[in-house]
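**Q** Quick one: the structure is below, and I'll ask about it shortly.
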Amino acid sequence: MTTRPALLPRFKSSFQRPLMLTMPLLFSGPLYAADVVFTIDADQSGHAISPLIYGTNSGMLTAGTENPGFFRIGGNRFTGYNWENNFSSAGDDWNQVSDAYLVPDGADPSVPAIVLTDFIDHQAVDPARALVTLQMAGYVAADGNGSVSEGEQAPSERWKKVLPQKNTAISPTPDTSDAAVYMDELVSYLVDKYGTAEDGGVLAYSLDNEPGLWSKTHPRIHKEKITADELLSKSIALSSAIKSVDSSARVFGAAFYGFTGYQTLEGAEDWPSGQYRWFIDYYLDSLRQASAVRGERLLDVLDIHWYSEAKGDSRIVFEGDAVSAADRYARVQAPRTLWDEQYLENSWIAQYRSEFLPLLPQLQQSIDSYYSGTRLAITEYNFGGGNDISGGLAQADTLGIFGKYNVYAANLWVVDNKDEYQAAAFRLFRNYDGNNRTFGDTSLSAATSDNENTSVYSATDSASGDLHIIVLNKSFSDSVDGRFTINTDEHLYDGASAWAMTSAGTQIVSRGSFDITDNGFSYTLPAASGWHFVLTAADDADDSGDADSDDSGSGDSGSDDSGSDDSGSDDSGSGDSGSDDSGSDDSGSDDSGSDDSGSDDSGSGTDNGDSGADDADDTDTDPQPEPSPATPDDESEDSSGGSSGGALSLLLLSALLLRRRPEV
């Protein structure tokens, strides 16, 4: 084990509340406020935002109010899942047990693929919003007889061989007595039930889960570390099998678990590392060449997993709650690693491999160079703090980044059943008014004068014409005096409605409506809060997303929740070169090849249930956190007033007398 040098946390003085003068307080809320300028270019319409970025994993965000746009069924358990008998292997996550753990309560385990069809029918509801994980490691569970000893590792009677393609005729009912389980037969089974992807059936299939970790997560199935040749040959064979049954289905691969997976495939030595920057380049180039030989695209979506390695006092994910002041600061800054060239987080990746940061542009460069048109997905990610306002702000920031940088699909993986504020962040985008009204579907350019303490995202609704702005105050001590300017020669916006997520509670709260003049307005944003503004043009007032309206059928604001809209990519698989931006992170691996004592390579956060908690029931039961003592009770309207010309006169007087600009 190699111990890395300690990194100093990026702890700024913004945590220190400025000294308050002794005099009567003339207004509620924080004493000091920073002036921040937010600029929206409303006439420069950008790309369509893929509704698939608002995704979750099976059994997560199941309260029914988050309105996810995409659903993945996967994780460590699915590497050893046998669709014919519904047994699966927990592997190293839980005593090498094989059992019927994945079968939902009340479901008939004798029905083939009931684990998958129950998920599609009751969680995804629409198969066109589903990503199904297929098996590629070589073997799946033959029985549900409990722990598998080392002497029973595959091949043995405890396992059945899994093959990509059946050499004989595909049967509508699998033969459980034969020697193998076939993936093309599974795809055919799902197509028979739901139709092809282009006809509204299952949208996409994943080429297993985190193959770089198989030797750690599933040593009874795949004892040896995977090689590059094995990954590529199995990926090509399985993708070809999928396409032979449903050519319109999208293939996601290779579910890389973290940074060492991207860089070296966990130290694999059988690839020309001297010719490529990192393994992802080689993977993309190899799949491109194989696709040319076959005559059809074999990889539609490059799929990575991202669990932030950023640290405050602790790593912000997987190290307890991690909600010290330094942890919270590190968490709300961590999403900047996805895009911001001016920012370096406090992590071993930033210290040792900063040339690969920020991650979104680096991954896009790889795609453009080696397999143009491939889209990008982050099908597992988490920034921690699920039950803390810092986790809600980081989650909201991440959703905004995914939309702004044209990520194709993303799925939150809830860690330790803690998701209250992460769920609130989804509602801020996907159900801010309680009637499933959503953030806009066409991205607009939006900028802030302070990237450290604020974030801003904007989009228009193609159906209503409403302009949506989501803005975050990431400071935990100071409010922000936001000055919003809408640059447009085509629209005159005269009204806005506001909704807020604050540290006082996880509900998205309506803050009413206000008038706008000259396409601009000012608004005071309390510390540690997220806001969703909906602006209506003068000629669209009757269709506004007013806080008092009740439009239960408004749905996805014009976007295609079903996932059938490829947001600019080609359904045939050719994709949209330049449309794919995203980032990745390490689930605990050590890029230098040594094991990180503070990380969890074996699990990488990808199986939330094999230690006793059921993924299918992964809802948060923890109590809501109390308001931060450094944050005002901003449920009071006095602490966050909107206006067309400025703040109240008392607020202005107090600000002039008392405030100074906080150090940042």
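**Q** 5 Å is the cut-off here: which amide hydrogens, built 1.01 Å from N in the peptide plane, fall below it relative to GLY495, excluding neighbours closer than 5 in sequence?
**A** Here the answer is ILE516, THR536, since their amide H atoms fall under 5 Å of that of GLY495.
**Q** From the phi angles alone, apply the Karplus equation (6.51, -1.76, 1.60; θ = phi - 60°) to segment 112-124 and give each ³J(HN,Hα) in whole Hz, x where the residue is Gly or Pro.
**A** Ordered by residue, 3J(HN,Hα) equals x, 6, 5, 4, 7, 5, 5, 4, 5, 6, 10, 10, 5 Hz.
**Q** Right, next: Just subtract the alpha-carbon distance of ALA292 and THR176 from 0.36 nm times their residue separation and send over the number in nm, one decimal.
**A** Taking ALA292 through THR176 to full extension adds about 38.2 nm, to one decimal.
**Q** Please give the contour-minus-distance gain from ALA463 to ASN487: 0.36 nm per residue of separation, less the Cα-Cα distance, rounded to one decimal in nm.
**A** Full extension of this stretch gives 6.6 nm more.
**Q** Under the Karplus relation 6.51 cos²θ - 1.76 cosθ + 1.60, θ = phi - 60°, what is the ordered set of whole-Hz ³J(HN,Hα) values for segment 199-205, x standing for Gly and Pro?
**A** Along segment 199-205, the couplings run 9, x, x, 3, 5, 8, 10 Hz.
**Q** So, one more: Out of residues 5 or more away from ALA410 or on other chains, whose amide H comes under 5 Å of its own, with H placed 1.01 Å from N in the peptide plane?
**A** ILE53, TYR54, GLY55, ILE378
**Q** Still on this structure, please answer the following. What Kirkwood hydrodynamic radius do you get for segment 212-294 when you take the inverse of the mean 1/r over all pairs of distinct Cα atoms, in Å?
**A** 13.6
**Q** Now, a different point. Compute the convex hull volume of the Cα atoms of segment 447-535, divide it by the residue count, and report the result per residue in Å³ as a whole number.
**A** Residue-normalised Cα hull volume stands at 98 Å³.
**Q** Enumerate the calculated ³J(HN,Hα) couplings along segment 247-263 in order (Karplus 6.51 cos²θ - 1.76 cosθ + 1.60, θ = phi - 60°), each rounded to whole Hz, writing x wherever the residue is Gly or Pro.
**A** In residue order, the calculated couplings are 5, 8, 5, 9, 10, 9, x, 10, 6, 4, 7, x, 4, 5, x, 5, 7 Hz.
**Q** Now for a separate question. Say a paramagnetic label sat at a point 7 Å from the Cα of GLN44, along Cα to Cβ; which residues of segment 503-533 have their backbone N under 20 Å from it?
**A** Output list for this probe position: 519-521.
**Q** From the convex hull of the Cα coordinates of segment 113-272, what is the mean projected area in square nanometres?
**A** 10.3
**Q** Can you work out the accessible area per residue across segment 126-280, with the rest of the protein chains kept in place, probe 1.4 Å, in square angstrom?
**A** Value for segment 126-280: 35 Å² per residue.
**Q** Among 370-380, 509-519, 242-252, how do they line up from the highest to the lowest mean number of other beta-carbon atoms within 10 Å?
**A** Listed from highest to lowest mean packing, they are 370-380, 242-252, 509-519.
**Q** Per the 1.4 Å probe, what fraction of the accessible area of segment 28-128, in percent, lies on carbon and sulfur atoms?
**A** In segment 28-128, the share of accessible area belonging to carbon and sulfur is 51 percent.
**Q** Counting only protein heavy atoms, what percent of the accessible surface of segment 232-379 is carbon or sulfur at a 1.4 Å probe?
**A** The computed percentage sits at 45.
**Q** Sort HIS222, HIS491 from largest to smallest accessible area, using a 1.4 Å probe on the heavy atoms of the protein chains.
**A** Putting HIS222, HIS491 in descending order of accessible area: HIS491, HIS222.
**Q** So how far apart, in nm, are the two label points at ALA538 and GLN275 if each is 7 Å from Cα heading toward Cβ?
**A** Placing both labels 7 Å along Cα→Cβ, they lie 6.3 nm apart.
**Q** At 1.4 Å probe size, with the rest of the protein present, what percent of the exposed accessible area of segment 419-473 is carbon and sulfur atoms?
**A** That share works out to 39 percent.
**Q** Given a Förster distance of 30 Å, report the FRET efficiency between PHE514 and ASN451 from their Cβ-Cβ distance, rounded to the nearest 0.05.
**A** Computed FRET efficiency for PHE514 and ASN451: 0.70.
**Q** Let me ask another. Roughly how many Å² is the accessible area per residue of segment 439-512, as a whole number, for a 1.4 Å probe?
**A** Per residue, segment 439-512 has an accessible area of 27 Å².
**Q** Let me see the P(r) profile for segment 338-391: every Cα-Cα distance counted, bins of 5 Å, each bin given as a percent of all pairs.
**A** The distribution over segment 338-391 is 4, 15, 18, 21, 22, 13, 5, 2, 0, given as percents.
**Q** Using protein chains only and a probe of 1.4 angstrom, how many square angstrom of ARG288 are accessible, to the nearest 10?
**A** Only protein atoms counted, so the area is about 100 Å².
**Q** Out of residues 5 or more away from GLU309 or on other chains, whose amide H comes under 5 Å of its own, with H placed 1.01 Å from N in the peptide plane?
**A** ASP586
**Q** Pulled fully out, how much extra length does the chain show between LYS161 and SER324, if you take 0.36 nm times their separation in residues and subtract their Cα-Cα distance?
**A** Contour length minus the Cα-Cα distance gives 53.9 nm.
**Q** Now for a different question. Compute the semi-axes of the equivalent ellipsoid of segment 296-441, taking the square root of 5 times each eigenvalue of the Cα gyration tensor, and list them largest first in whole Å.
**A** Value: 25, 21, 13 Å, ordered largest first.
The values are calculated or read from the model by the stated rules, or taken from the named source; none is laboratory data. These numbers were taken from a predicted model, which means no experiment stands behind them. Backbone-built Cβ (ideal geometry, glycine too); neighbour counts: all protein chains shown. We work out accessible area using only protein heavy atoms, side chains counted, and drop any ligands, DNA or RNA first. Shrake-Rupley method; radii C 1.70, N 1.55, O 1.52, S 1.80 Å.
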